[in-house]
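Below: the structure, in structure tokens.
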Amino acid sequence: MLTVMVAEAPGRPVADAPHRTASAFLAAYLRELQAVGGRSPYTIRNYRTDIGHFLGWCDEQAHQPLSMTRAIFREYLGELREAGIVASSITRRTSTIHGFYRYLAQEGAAAKDLLYGIALPKRPRRLPKVIEPTYLDALLAAPDLSTPRGLRDRAILELLYGGGLRISELVALDIGQVRLEEGEAIVHGKGAKERVVLFGNPAMDALDAYLADGRPALLAAAAERHPVAAQHRAALFVNRSGGRLTARSVQSLVKRYALAAGIPVDVHPHLLRHSFATHLLDGGADLRIVQELLGHSSANTTQIYTHVSQARQAEVSAAAWQSIAEQALEKPRLRRRRAASR
């Protein structure tokens, strides 16, 4: 078990200060992130995993967390690279652990941020992938609209794409947050930030059908099977037991419908969000508007979609020039064939 001591200066612990384990500091840190920072359960779980792995490594190597130096921390990063951990994951872990050390300094568990100045590994720039329109149409048409589940799933797919929602935002939606007539919903994104998302007629029609026929049927069937079961009457999207649909269930249904539609690429909920942003920019939408719709705090985050849009336009342009070149080459061939046939 790792133990840290509250200190008022390097190497000089506070007199009579109680010993606290690193796991106790971590638990307190995660509680603060959830209560004050508004982090989602998914983010809290990732923080617990990343910091817990680092503290476990300290234990194995007999390093005390409050004796940490940048040189020792670089050893940890080196082991991650040797283990084949990708650069983006190492960057995330570094940032997460650094946040924990800032918390320790604020709490007086360390006199200063012991990892201050540590360089983050360079993160390779990867452009988000986008689903092609033909595949998107096939995916949206996959649910069976003659069943309550099919009505629900069609509404989910339309809202993920048509509103650009994160999966956590979608499953957290309550009926009262949706204004169907206006084609908008109020969602709570990262850091508990509230924003209004807009969606068009296809999503409005799918939601209308689900709320009119699909959701009542799902709740009625759940009540027959479990008469005394507590049901999430406020939840927009419910499962067969009447409870709130989970993010994992949404991930599974998206992949299931992609497979049923014969789509040969990996389809997941975030791919629909990427496609929403890129298709908006392809259509000439202003970057700031897309930023607001996505709930990005910085335009730099949204900027990457302009590169995707430009790359797509370059592909279309290259294909067009290739076609023109082939036609230009074909004309002399045709003339030679005609001349030979005379």
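The values are calculated or read from the model by the stated rules, or taken from the named source; none is laboratory data. All values derive from a computational prediction rather than experimental measurement. With ideal geometry, Cβ positions are generated from the backbone for all residues, glycine too; neighbour counts draw on all protein chains shown.
Residues are listed down the side, and each one gets a yes or a no for (1) in contact with a His (Cβ under 9 Å, 6 or more places away or on another chain); (2) of a type in the set (Asp, Glu):
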position: Glu181; (1), (2): no, yes
position: Ile186; (1), (2): no, no
position: Glu194; (1), (2): yes, yes
position: Ala206; (1), (2): no, no
position: Ala217; (1), (2): no, no
position: Ala222; (1), (2): no, no
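Might you let me know whether the stretch 290-301 holds any residue that is farther than 26 Å from Pro133 by Cα, assigned to a loop (DSSP other than H, G, I, E, B) and at pLDDT 90 or above?
No; the residues of the stretch 290-301 include none that is farther than 26 Å from Pro133 by Cα, assigned to a loop (DSSP other than H, G, I, E, B) and at pLDDT 90 or above.
If you go through the stretch 171-215, how many residues are under 17 Å from Glu292 (Cα atoms) and modelled with pLDDT of 95 or more?
0
If a residue must be under 32 Å from the mean Cα position of the chain (by Cα) and assigned to a loop (DSSP other than H, G, I, E, B), how many such residues does the stretch 37-67 contain?
Total satisfying the criteria: 4.
Filter the stretch 249-268 down to residues that are exposed (fewer than 13 other Cβ atoms within 10 Å of the Cβ) and assigned to a loop (DSSP other than H, G, I, E, B) and give me whichever is nearest to the chain's Cα centre (by Cα).
Per the stated criteria, the residue is Asp266.
For the condition over 30 Å from Leu211 (Cα atoms), in the same structural domain as Gly163 (by TED's automatic domain parsing), modelled with pLDDT of 55 or more and part of a helix (DSSP H, G or I), what is the one hit in Leu281, Leu271?
On inspection, the qualifying residue turns out to be Leu281.
For Arg74, are the conditions met, namely being at pLDDT below 90, under 34 Å from the mean Cα position of the chain (by Cα) and charged (D, E, K, R)?
Taking the combined requirement at face value, the residue satisfies it.
Condition test on Ser146, is it among the hydroxyl-bearing types (Ser, Thr, Tyr) and either in the same structural domain as Ala22 (by TED's automatic domain parsing) or within 16 Å of His53 (Cα to Cα) (or both)?
Spelling it out, it is not the case that Ser146 is among the hydroxyl-bearing types (Ser, Thr, Tyr) and either in the same structural domain as Ala22 (by TED's automatic domain parsing) or within 16 Å of His53 (Cα to Cα) (or both).
When the residues of the stretch 27-52 are narrowed to those that are within 16 Å of Ile97 (Cα to Cα) and among the hydrophobic types (A, V, I, L, M, F, W, C), which ends up surrounded by the most Cβ atoms within 10 Å (Cβ to Cβ)?
Within the stretch 27-52, the match that is surrounded by the most Cβ atoms within 10 Å (Cβ to Cβ) is Ile51.
Quick one: how many residues across the stretch 199-226 are small (Gly, Ala, Ser) and either under 12 Å from Gly150 (Cα atoms) or buried (at least 16 other Cβ atoms within 10 Å of the Cβ) (or both)?
Looking only at that region, the number is 6.
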